[in-house]
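Notes follow once the structure below has been shown.
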Amino acid sequence: MSGNTENDSNKKESFLQRILDIILKAGDEEAEKKRMLRQVAKNLSKTHFKFYKFSSDEVLVPYAKFFYELYKTVAPAQALFQSIENPNALKRLVITTALTEKQLALVDALSEEAIYERAKTLSAAELDAEIKSLLEQFSASFSGDAAAKIDFLYSCIAAMQNFCKYDYFFMLRKFAAGMKERSFDEIPAFSPISGEYIIDDLKDFITAAWPVVLIEADWKAVMAFLKNAKGFEPVQLSAWNKLLARLKTLRNAHVFEMMIKLASHDPFYEAGVKVPNEHICEPYINKIKTEASLTLKKIQQEQKNSRIDTLVQQVFGTTNVSCLKGYTEAFSALLQRKLFDGFIYSQALNYLKEFLINYVKRDVRAFTDLVLVRGKWAALSLSTPMSDAYNALIALSDTITQFDTSLTDEAPAGSKLKMLAARAERDKEAQNIIRTQLRDINNQARLYLMNGTQNLIVFAKHTRSLLNDYTANSGSLVINWKELERFAEDSIPEQCEAIYKKIYLFVKLMQNYIGK
């Protein structure tokens, strides 16, 4: 029993000792912190900058007057930089000002207008090769230190811009509430304020100011650039150099950092400063490349569309061809608006179905009835490829109709796809299902196009052979041409020529979608 009492007593003493240790340690840390702050205040007083009073934690009038002089010096530059709403405009101005005459000529040659002008006299391959050559020359012109010089100039301007755009007015109004923005007719009546009110302002100022001190800039070149670009010198070079000299003294003495430590009661504060190291040439070069490439693609697409329209007109006698009901461009556009691929081959499949229904099943059928049904071939095997191609085309017409019908609103597959599209924006699973289905649907459509084109080529080749056989009167393929002439409504050679030409044009049309 006594043993338990002794153990309890020991536990209580141990617990009390731990609490006492924590209190004493906290007290020691607080005392050390105060000692460090007193040392910071002592170090600050040795700098001879009468900006801060440690005993009352006040920021004094000389501090406000210093910032007032800074504000007065940079105010014109601040207005200039604030007037540049688009940050990319300044980057582009720095680059274009630094470009040589040769580089400027290359930029002009790679503009959309210039590329379109070249497209009038060059083939697609020639245009592509020429633009690639110009782009290589343009990229090479930035080799060596040419790009580095431009990048560094902009880095210096960016540092100056950040410094000048600092909100001096916001800070100074804390010392003189009636002060007016960019009004320097007379020095305002500043009053001391509590140090806590400038902690964040000073931190922001250090971030903006120290880079202009640290960067090894050719400020004469910077001022010359600004004068040439804007027509006036926003800050006189002598005034700017004097300003930098004072900032350098303050930074070397760590005046503002010590003020922040005292005002925030944080002796461990360390300022983080990042000197601008901008790289504007590479994005500019890439932009020129991208724009030129997009222009080329645009021209190529326009030329392709023109070729397609011409071929469609030649094949169908009109460009207004519409016979699909499910696999349509209208539904495809709806899917594309929701950022899906859509029906990639809807236009091509539309043309194929129209061609099969209104040409193959009509004109070609009449011709096959003549040469394959009534015709007597020298050997059955000679007619088989042509017969198989024709039958495959007739079957394909029905298959495409079934495929297209399955994608209408009334069909289960089409209805489901439309329903999924309606909720795709908020349903990730619906998005995945749509992408999978579209891939399968488009692959199937492409397969129809490939099969149809291949069978049309086979049929056309044999039609050409029949024409040669008829003209030569050799009988190597069909041995009863004279008999067939009696059943033919039109001249057999003219039918062969017309069918071959029509299929040839249609195959060229399909090759715009599936390649050669």
(request) Exactly one condition in (1) among the polar types (S, T, N, Q); (2) assigned to a helix (DSSP H, G or I); (3) surrounded by fewer than 17 Cβ atoms within 10 Å (Cβ to Cβ) is not met by S332; state its number. (result) (3)
(message) Looking only at the range 224-243, filter to residues that are open to solvent by less than 30 Å² (accessible area, probe 1.4 Å) and either under 34 Å from the mean Cα position of the chain (by Cα) or not hydrophobic (A, V, I, L, M, F, W, C) (or both); which one of those is nearest to Y63 (Cα to Cα)?
(response) P234
(request) Could you list, in sequence order, all residues of the range 370-407 that are more than 27 Å from S474 (Cα to Cα), open to solvent by 20 Å² or more (accessible area, probe 1.4 Å) and either acidic (D, E) or touching a residue at least 40 places away in the same chain (Cβ under 8 Å) (or both)? (result) A392, D398, T399, T401, F403, T405, S406
(request) Output the number of residues of the range 127-153 satisfying the condition of being modelled with pLDDT of 95 or more and of a type in the set (S, T, Y). (result) 1
(request) Identify the residue in the range 423-442 that is of a type in the set (D, E, K, R) and under 17 Å from Y327 (Cα atoms) and, among all such residues, is least open to solvent (accessible area, probe 1.4 Å). (result) D440
(message) Out of everything in the range 98-140 that is assigned to a helix (DSSP H, G or I), touching a residue at least 40 places away in the same chain (Cβ under 8 Å) and not aliphatic (A, V, I, L, M), what residue ends up being least open to solvent (accessible area, probe 1.4 Å)?
(response) F138
(message) I'd like the residue in the range 335-369 that is farther than 27 Å from F459 by Cα and without any contact (Cβ under 8 Å) to a residue 12 or more places away in the chain and, out of all such residues, is surrounded by the most Cβ atoms within 10 Å (Cβ to Cβ).
(response) Q336
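Restricting to the range 384-414, count the residues that are small (G, A, S) and either at pLDDT below 95 or not in a helix (DSSP H, G or I) (or both).
Pass one, the range 384-414, residues small (G, A, S): 387, 389, 392, 395, 397, 406, 411, 413-414.
Cutting the leftovers down to either at pLDDT below 95 or not in a helix (DSSP H, G or I) (or both) gives us 406, 411, 413-414.
The number of residues fulfilling the criteria is 4.
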(request) From the list M179, M171, pick out the single residue that is of a type outside the set (S, T, Y), open to solvent by less than 20 Å² (accessible area, probe 1.4 Å) and free of Cβ contacts under 8 Å to residues at least 24 places away in the same chain. (result) M179
(request) Quickly run through the range 44-58 and pick out the residues that are of a type outside the set (D, E, K, R), open to solvent by less than 80 Å² (accessible area, probe 1.4 Å) and over 10 Å from L262 (Cβ atoms). (result) S45, T47, F49, F51, S56
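The values are calculated or read from the model by the stated rules, or taken from the named source; none is laboratory data. Keep in mind it's a predicted model, so treat the numbers as computed, not measured. Virtual Cβ from ideal backbone geometry, glycine too; neighbours counted across all protein chains shown. Surface areas here come from the heavy atoms of the whole protein model, side chains and all, with no ligands, DNA or RNA. Shrake-Rupley method; radii C 1.70, N 1.55, O 1.52, S 1.80 Å.
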